[in-house]
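Beneath this line is the structure, given in structure tokens, with notes to follow.
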Amino acid sequence: MSTQLQIKQIHTLKNILGLDDDLYRDMLASFDVCSSKSLTETEANIFISILNDKVKVLKNSGFKKYDELNGRNPIMATPLQLRKLEATWQDICNSDDAKEQKRSLRAYIKKQFHIDDIRFMTKAKASRIIAILEQIRIKKYLKAL
């Protein structure tokens, strides 16, 4: 049976690649299993290697974060807006840790705007939040002077 660490790696890589459940299940079916927990340790290592190779290809192809959201409902925030929102938050966040920045952005968005994840916001809401964060960033830089 695959280890907990292997299962975690598989699901992390699955999320990085943005694999939908059907494709993921088809890939597992090639190992004659329906769950990553059913893989042997050797099969799990092979599957992780395959997924890692796909991630390398994806990164070398110029893929940018949130590009998998292109083509969704036109009222939803664009990948560019989501990247801008995260970059602006990174500038004003007091932490250098990426996980902490992501957690604090999510908490801020939930508390202030009642949105569970930035992927769920509309273009209008994203524009408004970006403008607010830009104002906060300007105030922070002016304070530093």
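Among (1) within 15 Å of the chain's Cα centre (by Cα); (2) farther than 30 Å from Phe31 by Cβ; (3) of a type in the set (A, V, I, L, M), where does Ala131 come up short?
The failed condition is (1).
Looking at (1) free of Cβ contacts under 8 Å to residues at least 40 places away in the same chain; (2) closer than 30 Å to Met121 by Cα, can you tell me which one Leu69 breaks?
(1)
Please work out which residue is surrounded by the fewest Cβ atoms within 10 Å (Cβ to Cβ), limiting yourself to segment 15-47 and to residues that are among the charged types (D, E, K, R) and within 9 Å of Ser2 (Cα to Cα). Give the derivation first.
Going residue by residue through segment 15-47, those that are among the charged types (D, E, K, R) are 20-22, 25-26, 32, 37, 41, 43.
Applying the additional criterion that residues be within 9 Å of Ser2 (Cα to Cα) yields 37, 41, 43.
Values: Lys37: 14, Glu41: 11, Glu43: 19.
Only one residue tops the list, namely Glu41.
Being among the hydrophobic types (A, V, I, L, M, F, W, C) and either on the phi > 0 side of the Ramachandran plot or assigned to a helix (DSSP H, G or I) (or both) is the filter here, so list the residues in segment 119-145 that pass it. Even if it seems obvious, please write down each step before you answer.
Filtering segment 119-145 down to residues among the hydrophobic types (A, V, I, L, M, F, W, C) leaves 120-121, 124, 126, 129-133, 136, 138, 142, 144-145.
Those that are among the hydrophobic types (A, V, I, L, M, F, W, C) and either on the phi > 0 side of the Ramachandran plot or assigned to a helix (DSSP H, G or I) (or both): Phe120, Ala124, Ala126, Ile129, Ile130, Ala131, Ile132, Leu133, Ile136, Ile138, Leu142, Ala144.
A short reminder: the numbers here are calculations on the coordinates, not readings from a lab. Computed from a prediction, not measured in an experiment: that's the story for all the values here. So basically every Cβ, Gly included, is an ideal-geometry build from the backbone, and we count neighbours across all protein chains shown.
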